[in-house]
Each structure stands twice: as C-alpha cells, then as structure tokens.
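The values are calculated or read from the model by the stated rules, or taken from the named source; none is laboratory data. Computed from a predicted structure; not experimentally measured. Note that each Cβ is placed from the backbone with ideal geometry, even for glycine, and that neighbours are counted across all protein chains shown. Please note that ligands, DNA and RNA were not included when accessible areas were found on the heavy atoms of the full protein model with its side chains. Shrake-Rupley method; radii C 1.70, N 1.55, O 1.52, S 1.80 Å.
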Amino acid sequence: APDPSGTGLVGLPVWMWTAQTPESWGPLEASLTTRGLTVHAEANATAINWDMGDGTTRVCSHPGTPYQAEYGADPSPTCGHTYLQPSRNQPGEVYPVTATTEWRIDWWIEGTAISGVETRTRTSSTTVRINELQVVTS
C-alpha cells in the first residue's frame, strides 16, 4: 500500500507484502520416481529483498502483512518503508520497486543418504507514486 494505481505521501508508511500461497511463499512439494528411485523436493521462500527505488533496500523474512484501511497511517508490523522524498523527479514520476524472493529447495533421494540444498530467486517489479503534501497556515 499504496495501491500501484494510487499515490502515497512523503512521510507516510508504505506496506509491502506478497500473497501467502504455495506459489509465492511455499511450501511447494514435488516427487519424481524413475528407474526405481524417488526424488523428493520441497521449496520454501526465506526472504524478500525489496529495492524501493530511492536507494533504500529492505530485507523481510516474512511475506508481509496485507494493508487494510483500518490500519490508517500505522507502519507495517512486518515489512514496510517510508519515503523521505517525492517521486516527481524520477522517470515517469514514480519510484521503481523490485522484489526478489529467495527460495531454499531441499531435495533427497528416498531410501538413501543422498540429499542437497539449492537456492533460487524470483523477481517481480512495480512502481509507486509518492507525492508531497504541504500545509500553509496563517
């Protein structure tokens, strides 16, 4: 939050999260049997590295908490950021936001002591427009 089609404000918290499904956070499990051997694998996300486009990165070891209107201007309890400058000087007047999810894949061959760990990453991106609100009083 804010919604990619909406606008946030300097100094207000931005919430980051991903849906918590097997495809986005795990666990994903698969097995394959061939020639009398069965290989099992289980994949789980371990962290999301967020590049916020303003020179700031955040590493969140949780899929994040989805924002709801009743939270108001509270910061995210699990994964958030606060922009200190508006995005008006950025290309397209938006900050590019990139999320790279780190996955750990554990695999083993059934009935043997053969096993291993692999790591992979998956990346997605969006943009966020951040405006500045100035109040004039007299």
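Tabulated results
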quantity	calculated
Value of relative contact order over the stretch 8-134, rounded to a whole percent, pairs C-alpha under 8 Å and six or more apart	31
Theoretical FRET efficiency, 1/(1+(r/R0)^6), r = Cβ-Cβ of THR100 and ALA69, R0 35 Å, to 0.05	0.75
Within the accessible area of the chain (1.4 Å probe), percent carbon and sulfur	52
Point-to-point label distance, THR78-THR46, nm (Cα→Cβ direction, 7 Å offset)	1.9
Gaussian network model of the chain, Cα within-10 Å springs - most flexible of ARG35, ARG104, ARG58	ARG35
Unit charges at the beta carbon, dipole of the chain: most positive-side option, THR126, ASN89, VAL59	ASN89
For THR78, distant residues with modelled amide H under 5 Å away	THR65
Where the Cα pairs of the chain fall when distances are cut into 10 Å bins, in %	11, 33, 25, 15, 10, 5, 1, 0, 0
Residue among THR21, THR34, THR126 with the largest mean-square fluctuation in a Gaussian network model of the chain, springs linking Cα atoms under 10 Å	THR34
Whole-number accessible area per residue in Å² for the stretch 52-124, which is evaluated in the context of all protein chains at 1.4 Å	64
P(r) histogram, all alpha-carbon pairs of the stretch 17-78 included - 5 Å bins from 0, percent	4, 14, 17, 17, 15, 11, 7, 6, 4, 3, 2, 1
Cα-centre dipole for the stretch 48-138 with unit charges at Cβ (Lys and Arg positive, Asp and Glu negative), debye to 20	160
Estimated inter-spin distance, THR126 and GLU110, nm [label 7 Å along Cα→Cβ]	4.0
Compactness of the stretch 1-51, expressed as Rg and Dmax over alpha-carbon positions, Å	18.5, 60
